[in-house]
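The values are calculated or read from the model by the stated rules, or taken from the named source; none is laboratory data. Owing to the predicted nature of the structure, the values given are computational and were not obtained by experimental measurement. Cβ placement follows ideal geometry from the backbone for every residue including glycine, while neighbour counts extend to all protein chains displayed.
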Amino acid sequence: MNYKECLEREGYINFWEHIPEDEHSRITAQIWEALDRANITLSQDAELEIRVYDSSESDTEEVDF
């Protein structure tokens with residue numbers, strides 16, 4: 001499903017589904033490193049999710065981390 005279909009159906013896009021891994025791997029590493037620096041300890045099963053909301057497609061504009 002393309003990003004426009006996701007916005008219409010879900011109201012947001014999942015960053016990981018629409019950006020190639022070679023581009024988002026650097027961002028992923030930076031987020032995990034920032035969590036480590038903040039002494040935020042998570043289990044090995046923790047997952048990272050970024051949702052991007054578009055105010056023109058949804059009543060809400062936010063990014064979930």
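Annotations
- Leading residue by the ranking (modelled with the highest pLDDT) among those in the range 44-65 that are surrounded by 10 or more Cβ atoms within 10 Å (Cβ to Cβ) and of a type in the set (D, E, K, R): 51
- Each residue in the range 1-43 was checked for being surrounded by 13 or more Cβ atoms within 10 Å (Cβ to Cβ) and part of a loop (DSSP other than H, G, I, E, B), and 2 of them qualify.
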